[in-house]
């Protein structure tokens, strides 16, 4: 009887964790009128209260929550917010248009390069929110439907974010779970980022036949824009760019100087706050606390799922492929590409990253991290649910132009922009 009661207790604990996780993910994926950060953090707190698994104690918080992930996010949020306040991002985008001499394809290429660079080192959501007004301005000047241009921007935003460990939230989580090196990740991911960028831009050009001469003439209306007027505070911009450059240098050298990425990001943010005479109270209203609490809840749910054996169960599905590493990498890449768009980037990665770690411990190649990163990042383009920047981009289109893109329409338009880079990634992974 004692053995039976223990077994029942274990089963009840597992069912409780699974039930909470399923309900939480339902709200994350499908809920529209509920604040996802609050509901997810609530379920995380509920798990601490109910303690269905061992280890859900405050003394164990460092094992449950990745403070490296939260530290990187917090530090970069502060730096980006100060840079945004200076007008640096709009200044850069307007300069790209000026540099193009108002030639449509050059304008588009340079703007997408700006998106790629911003998304590689900034939050993807911030990139979309900063660039969308410029994209709308170009579309209005050309008197064309802004939807194809904005969708292209979303695709490029996600592709650019793929290139660095801080470029997308899922990469930050991946780096923390796998203890990945910033520079090595950049070296491996940069070529497939470039290939994906070229393929997406080429597809856009093939699918959108334009009267180049007419477009070029219309774009000349933008010649009156003065990049200098976009700068709100030149001193602030110089300080922000200087500190940002030092932080990025620190990221690239972190494995040499033996300082965690989170400490580098937070130190840079604090130095910039001191240089610009900012305080925590003035900065707090500008920071994305919803994301921080959302991650806190997700980390708790993911920890609980791992403790009841869900990670091991998923890893067991892939264990037969350990003898064929090449096939395993391809399968992981394609599975992640078609799961992440429906689970969303960070929630899905918090479940699958520990699986990748476990498979590598059992003999899978280290490059499995990169296979997952390629598949998951490219896959975020498949649906509006793939990442928060997708949802926001579509919402901005609806808000500014009363133009709705349905879930089905989005998938139809994004299928090839996901498929072609994935095929390129499948070939590329053999050269890593």
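Annotations
- Filtered residue count, the stretch 16-59, keeping only those that are free of Cβ contacts under 8 Å to residues at least 12 places away in the same chain, under 30 Å from residue 383 (Cα atoms) and part of a helix (DSSP H, G or I): 4
- Scanning the stretch 177-193 for residues that are surrounded by fewer than 17 Cβ atoms within 10 Å (Cβ to Cβ) and out of contact with any helix residue (DSSP H, G or I) (no Cβ under 7 Å at 6 or more places or on another chain) yields 179, 184, 187, 190.
- Of all residues in the stretch 237-254, those satisfying the criterion of being in contact with a helix residue (DSSP H, G or I) (Cβ under 7 Å, 6 or more places away or on another chain) and more than 18 Å from residue 88 (Cβ to Cβ) are 250, 251, 252, 254.
- Residues satisfying the stated conditions in the stretch 308-321, i.e. exposed (fewer than 15 other Cβ atoms within 10 Å of the Cβ) and either part of a helix (DSSP H, G or I) or touching a strand residue (DSSP E or B) at 6+ places or on another chain (Cβ under 8 Å) (or both): 312, 313, 316, 317, 320
- Selection within the stretch 60-92: residues that are farther than 17 Å from residue 245 by Cα and without any contact (Cβ under 8 Å) to a residue 60 or more places away in the chain. The member of this set that is surrounded by the most Cβ atoms within 10 Å (Cβ to Cβ) is 61.
- Flag if residue 424 is at pLDDT 95 or above and more than 20 Å from residue 123 (Cβ to Cβ): yes
- Candidates in the stretch 322-347 are the residues that are without any contact (Cβ under 8 Å) to a residue 12 or more places away in the chain and assigned to a helix (DSSP H, G or I); of these, the one that is surrounded by the fewest Cβ atoms within 10 Å (Cβ to Cβ) is 323.
- Residue match in the stretch 201-209 (condition: surrounded by 21 or more Cβ atoms within 10 Å (Cβ to Cβ) and either touching a strand residue (DSSP E or B) at 6+ places or on another chain (Cβ under 9 Å) or modelled with pLDDT of 90 or more (or both)): no
- Residue in the stretch 133-152 that is under 28 Å from residue 71 (Cβ atoms) and either surrounded by fewer than 24 Cβ atoms within 10 Å (Cβ to Cβ) or at pLDDT 90 or above (or both) present: no
- Hey, residue 297 touching a residue at least 24 places away in the same chain (Cβ under 8 Å), surrounded by 18 or more Cβ atoms within 10 Å (Cβ to Cβ) and closer than 23 Å to residue 178 by Cβ or not: yes
The values are calculated or read from the model by the stated rules, or taken from the named source; none is laboratory data. Being a predicted model, the structure only gives us computed values, none of them experimental. Note that each Cβ is placed from the backbone with ideal geometry, even for glycine, and that neighbours are counted across all protein chains shown.
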